[in-house]
There are 4 protein chains.
Amino acid sequence: MTTSAPNQQPAPTTQGDAPVINVGVLGARGRMGTEVVKAVNDADDLELVAMVDEGDWLFGLADAGTQVVVDFTRPDVVMDNIRFCIDNNIHCVVGTTGFDESRLATIAEWLAPKPEVGVIIAPNFGIGALLLMKFAQEAARFFPSVEVIELHHPNKVDAPSGTAVRTARLIAEARRAAGMPPAPDATSEGLAGARGADVDGVPVHAVRLAGLVAHQEVLMGTSGETLTLRHDSYDRASFMPGVLLAVREIGGRPGLTVGIEHLLGL
Amino acid sequence: MTTSAPNQQPAPTTQGDAPVINVGVLGARGRMGTEVVKAVNDADDLELVAMVDEGDWLFGLADAGTQVVVDFTRPDVVMDNIRFCIDNNIHCVVGTTGFDESRLATIAEWLAPKPEVGVIIAPNFGIGALLLMKFAQEAARFFPSVEVIELHHPNKVDAPSGTAVRTARLIAEARRAAGMPPAPDATSEGLAGARGADVDGVPVHAVRLAGLVAHQEVLMGTSGETLTLRHDSYDRASFMPGVLLAVREIGGRPGLTVGIEHLLGL
Amino acid sequence: MTTSAPNQQPAPTTQGDAPVINVGVLGARGRMGTEVVKAVNDADDLELVAMVDEGDWLFGLADAGTQVVVDFTRPDVVMDNIRFCIDNNIHCVVGTTGFDESRLATIAEWLAPKPEVGVIIAPNFGIGALLLMKFAQEAARFFPSVEVIELHHPNKVDAPSGTAVRTARLIAEARRAAGMPPAPDATSEGLAGARGADVDGVPVHAVRLAGLVAHQEVLMGTSGETLTLRHDSYDRASFMPGVLLAVREIGGRPGLTVGIEHLLGL
Amino acid sequence: MTTSAPNQQPAPTTQGDAPVINVGVLGARGRMGTEVVKAVNDADDLELVAMVDEGDWLFGLADAGTQVVVDFTRPDVVMDNIRFCIDNNIHCVVGTTGFDESRLATIAEWLAPKPEVGVIIAPNFGIGALLLMKFAQEAARFFPSVEVIELHHPNKVDAPSGTAVRTARLIAEARRAAGMPPAPDATSEGLAGARGADVDGVPVHAVRLAGLVAHQEVLMGTSGETLTLRHDSYDRASFMPGVLLAVREIGGRPGLTVGIEHLLGL
C-alpha cells in the first residue's frame, strides 16, 4: 500500500543549468511501464520520483513532487488516474488505449478550470511511424501509384494493422484533395487476395512472418521512378523517444493534445 | 526472300584458343530477337552468322554455317523451325512460349535419330529468377514462415505473376517434403485480401506500381531471424546472360532439355 | 536551317476548359530532349509546337507561338538560348548543367526588365530524389544515427554520387541546427573504407553494380526503430514528371527559380 | 556446489514414438545459456536434465543422464568441459568461441578412442546467415558484380563484421574458381571510403545505426537484373533453431564437426 518512490525529494532538482523534470510512472510494472522506468532513469534531464502500479496509492505521486505522469495502465482505470493528476496539477502523458470522443470530451471538461495543466493522449508514440505517415501524405500527390505493405510477427490478430489502415486512409485523403484519379492497374485475371485489401482505394498487403516485429512500407511510383518509405520497429524501446519527447514538451503545451505528431514541429 | 547473313563464313572460326560458336537468330526483328542480336554481337566467343525473320527462308541458316539457333518467334511457327534445325543438325535454344507435353513429346521423337543434336526449351531465361526459386526451395524447410511478394508495372494483366505462382508452388512442395505444418498465423479479423492470395498454402502478394519493371521477393522467418531473397529485373537485357549460357552449353548437352535451371550446374 | 515545327498554330489552343500550353524543346534530338518531346506529346494539356537542335534557328521558337521552352542543350550554348527566350517573352525550363553564381546573376539581370517572364534552372528534375532529400532533412533531428547508401551502374565515374553528397550535407546541416552530437559509433578496429566516406559527419556508401540504374537510401535510427527512405530511378523517363511540373507552373512563377523543390509546394 | 537438475530421470524418456533427447546446458545462467534453457524447455522432443554454471560440479551432468551437452561458457573452461563430456560419452554442441587449429587437433585426439561420441564446434548457429553465405557462393559465378553491406547496432567495435568478411572471402573464392575477372567499376574520382573496404576484391560496406541488431545483404548484378540476399537477425533467439538442429543431429554424427553448415543437408 505504499508508493515506490525511489527519490523522495519533492521539488525539481537542477542539473547544470537545465531544470530536471520530476516524472512519475503509472503502471510501472507493466510491459510498457518497465520500459518507461528504464528510459527515464537513463535520461539526464529527467528524475524518476514515483513508480505506481496496481494496489499503490496515487497520493504518493503528489507527495513525491511529480510534475509529469506517464500512464500505461488499463482502459478501466486510466480515467481515474487522469482525474487525479489534473486535480493535483500534474501533467499527464497517456499511452493507455481506449479513448473515444466522449472520454476526450470529459477530459477537456476537467481541464477547463486548470489552464496550466496538460494532457497528451497518444495512440502511437513511435516517431518513425508518425513521420512515415506524414511524409506519405505529402508525397502522395506526386505519384499516380501507391501501395502499403505491413509486416508483423505471426501472433498479430488483425490484418492489416491499425497503423497501415490509418496510413492508407491519410494517403487516400491526400490523393482526393489533389484530385488524383485511381492508381493505374490493368489486372484482369488472377487469384483472389493477390492485390491486397482495398482501403479507400489504396491496396494494403499484410505479411505475417516468424522473427519479424513490426514493419511498414509505403511504395509510391510514377514514370521511371519509385519512392519507398519504410519504418522498422524492433522492440518496445522504439516508443520511448516519443514518450520522452512528450514528457519534455508537455510543460509548454497546456490543455488536451491528441497524438504526438503535434509535438514533432513539422 | 533472302536471309540476312551478316557473316557468310560457313565454318566455325577460332579466336585465340577458344572456338567461336556460329549463331543464327530466328525472330531477329522482334523485341527479344533484337536483344539477342545485340548480345551475340557483343560476345567475343559468339559469331552472328544469320538473322532470320518472317518472310525469310530457313535455308539461309544452314548455308551460313549456323551451329546454334536462338528462336524467339511465335507458337504457330516454332515447331516448324525446330524441325528444320534438327533435320539440319543445328542446335536450338528456344524462348518462344506455348509448349505442352504433346509438343515436347514430338520434339523428343524428332531428336531420337539425331543423338548429337540438342534442343533447350526455356520458359524463363532470367538466371536471377531461377536462382531465387532454387534457393527458396532449399531454404524452405528451415523457416516455419514464408510469403512471396511480387511487384510489377501496372500494365500487367495477371496477378500474381506466373513466376510468383511457380515459386510459391515449389516452396510448398519443399515444405510438404519436409513434413512442415502450415505457417503460424493468428489472424482472426481484418479485411479481405490483406493476407494475399493463397497458393498452395503460401501467401502471395502482388504490387502494381508505375515505374516498376519486374521484381520478386521471398520472405522466410523463424525465431528471431528472417531471410529475404529478392530478384529485380530492370529490362529485357536481363534475359540475355541466360540465353548466352544456353548457346554456349548446348553443344555439350544433346537431347531435349526443359528449363535452363539444369544448365546452372547447381 | 529550319525549325522542326510539328504544329504551326501560333496561339495557345484550348482543350475542354483548360488552356493548352505551347511548348518548344531545345536540344530536341539529344537523349533528354527526345524524352521531353515524347512526354510533351503524351500530355493532353501541352502542345509541342517546336523542336530545335544544333543548326536550327531559334527564331522558329517565337514564330511557332512557343510559350514555354525546355532546354536540355550544352553549357556553351545555354546562355544564348536563355537570352533569346527572355527577349521574346518565352518562359524557360532549363535542365542543362554548368550554372554558377555568376551565370545566375546574369540571368537575374536579364529578367529585371521582364517581370512577367520566368526562368527555372534545375540541376535535378527527379521529384522522388527531391522529396527524399526534403524528408531526410525533416526527420534528421529525431534520429541520432544516419547514413546514406547510393547504388548505381558500374559505368559511373564519381563515388559517391553528387546527389548523395548533397543529401548528406543537407542532413548534416539539419543535425547541426538541432544541436545534435555526432552519431554513436563504437568502431575501433577494422578495414579502411568499411565505414564509408565521411561527408560532413554523415557516412556515405557507394555501391556499383551491373544491372542497377540510380538508387539512393537514407537510413535513420534511434532506440529500437529505424526509418528508411529509398528512391529508385529506373530510366530517364523519371525526370519527365518534374519537367512537366515545371512547364505547367512556370507561368505563375515569374523571375528566376533555382531547383524545382520550390514548385513542390511542400 | 550442486547441479541444478530439474529432471533426475537418468534414462531417455519417450514421447509418443520419438525418443526424447536428454540435454544438459553448460553456462546455463549466461546470456546465451538462458536462451538455450528456454528453447530446450519449449521443444517437445528434448528434455532439460541439467543446468550447470560456474561453481557447479560437472558430475551432475553424467548423473542426470545427459546425452547431449550444449556449451556456451568461456574459452578458458571450455576445453575441460569438452574433455569431461567425451570421457563420459556425452555428445557436445559447443558455441563458445576461441578455437584454433591446435585446440581442434586436441579434441580430435580425445575423440579417437571414442568413435561413438560427437563434438560440434560452431562459430555461428544462425541458420539464415549460413544459408546466405552458401547461396552467395553458389550464385557468385553468374554475376559479374557483387558487393556486401552489413548493418549493425552502433556498439559493435569491429567493421566490417566477421560474418561479412567471411562471406566476402567465400564469394571471392567462388569467383576465382569460375575464372571471373574483377567486377566492373569505372570509379575514377570521389571520396576515400565511399567504395567500402576491399575484402579479397569484394567491396564490403558497414553501416552502424541505433535501433538495428545484426543484418547483412549480398547484392549481385548482371545485365539488367540484380539478385539480393538479405539476412536479418533480431535477437539471440535467432541462434536457437541452429542449436536445436545440432542437438538433434549430433547422435548421428560422431567425431568432430566444425560449423553447422554441414548439418543443413544442402
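As a summary of the residue check, A:Ile127 satisfies the conditions (1) of a type outside the set (D, E, K, R); (2) under 30 Å from A:Leu111 (Cα atoms); (3) at the interface with another protein chain (Cβ under 7 Å from one of its Cβ atoms); (4) surrounded by fewer than 23 Cβ atoms within 10 Å (Cβ to Cβ) except for the one numbered (4).
Just one residue in the set B:Arg208, B:Arg169 is of a type in the set (Lys, Arg), touching a strand residue (DSSP E or B) at 6+ places or on another chain (Cβ under 7 Å), modelled with pLDDT of 95 or more and under 29 Å from D:Gly128 (Cα atoms); that residue is B:Arg169.
Of the residues making up the range B:104-131, just one is under 21 Å from B:Asp87 (Cα atoms) and of a type in the set (Phe, Trp, Tyr), namely B:Trp110. Within the range D:135-154, the set of residues being in contact with an Asp or Glu (Cβ under 9 Å, 6 or more places away or on another chain) and under 25 Å from C:Asp185 (Cβ atoms) comprises D:Glu147, D:Val148, D:Ile149, D:Glu150, D:Leu151, D:Pro154.
Of B:Ile250, B:Ile260, which residue is within 30 Å of B:Ala108 (Cβ to Cβ) and at pLDDT 95 or above? The match here is B:Ile250.
If you check B:Val70 against the conditions, is it assigned by the TED database to the domain that holds B:Arg29, of a type in the set (Val, Ile, Thr) and closer than 30 Å to D:Leu219 by Cβ?
Against the criterion (assigned by the TED database to the domain that holds B:Arg29, of a type in the set (Val, Ile, Thr) and closer than 30 Å to D:Leu219 by Cβ), B:Val70 qualifies.
Number of residues in the range D:207-225 that are in contact (Cβ under 8 Å) with a residue 40 or more places away in the chain and within 14 Å of chain B (Cβ to nearest Cβ): the value is 11. Does A:Ala168 satisfy being crowded, with 23+ Cβ neighbours inside 10 Å and touching a Lys or Arg at 6+ places or on another chain (Cβ under 6 Å)? So A:Ala168 does not fit the description; no.
Scanning the range C:177-201 for residues that are within 7 Å of chain D (Cβ to nearest Cβ) and loosely packed, with under 14 Cβ neighbours inside 10 Å turns up C:Ala186, C:Ser188, C:Glu189, C:Ala192.
Quick check, is A:Ala177 modelled with pLDDT under 95 and among the aliphatic types (A, V, I, L, M)? Please lay out each step first, then the result.
Numbers: modelled with pLDDT under 95: no; among the aliphatic types (A, V, I, L, M): yes.
No, not satisfied.
Within the range B:40-86, if we keep just the residues that are acidic (Asp, Glu) and within 18 Å of B:Ile107 (Cα to Cα), the residue that is surrounded by the fewest Cβ atoms within 10 Å (Cβ to Cβ) turns out to be B:Asp76.
For residues that are within 23 Å of C:Leu212 (Cα to Cα) and either touching a Lys or Arg at 6+ places or on another chain (Cβ under 7 Å) or away from chain D (no Cβ under 14 Å) (or both), tally how many sit in the range C:137-152. The total comes to 1.
Only one entry in B:Val157, B:Val204 is more than 24 Å from D:Ser223 (Cα to Cα), more than 14 Å from chain D (Cβ to nearest Cβ) and surrounded by 24 or more Cβ atoms within 10 Å (Cβ to Cβ), namely B:Val204.
Can you tell me which residue in the range A:205-264 is nearest to the chain's Cα centre (by Cα), limited to those that are under 30 Å from C:Val36 (Cα atoms) and among the polar types (S, T, N, Q)? Walk me through it before giving the result.
Taking the range A:205-264 as the starting set, the residues that turn out to be under 30 Å from C:Val36 (Cα atoms) are A:218-229.
Of the ones still in play, those that are also among the polar types (S, T, N, Q) are A:222-223, A:226, A:228.
Numbers: A:Thr222: 32, A:Ser223: 35, A:Thr226: 28, A:Thr228: 22 Å.
Selected residue: A:Thr228.
Taking the criterion of being without any contact (Cβ under 8 Å) to a residue 40 or more places away in the chain and at the interface with chain C (Cβ under 10 Å from one of its Cβ atoms), the residues of the range A:233-266 that qualify are A:Tyr234, A:Asp235, A:Gly265. Kindly evaluate B:Ser223 against the criterion of being farther than 21 Å from D:Thr226 by Cβ, hydroxyl-bearing (Ser, Thr, Tyr) and touching an Asp or Glu at 6+ places or on another chain (Cβ under 9 Å). For B:Ser223, the condition - farther than 21 Å from D:Thr226 by Cβ, hydroxyl-bearing (Ser, Thr, Tyr) and touching an Asp or Glu at 6+ places or on another chain (Cβ under 9 Å) - is met. Listed conditions (1) within 14 Å of chain D (Cβ to nearest Cβ); (2) over 21 Å from C:Gly211 (Cα atoms); (3) among the small types (Gly, Ala, Ser); (4) surrounded by 23 or more Cβ atoms within 10 Å (Cβ to Cβ) are all met by B:Ala174, apart from (4).
The values are calculated or read from the model by the stated rules, or taken from the named source; none is laboratory data. Predicted model, so just to flag it, every value in this text is computed and none were measured. Don't worry about glycine lacking a Cβ; one is built from the backbone with ideal geometry, like all the others, and counts go over all protein chains shown.
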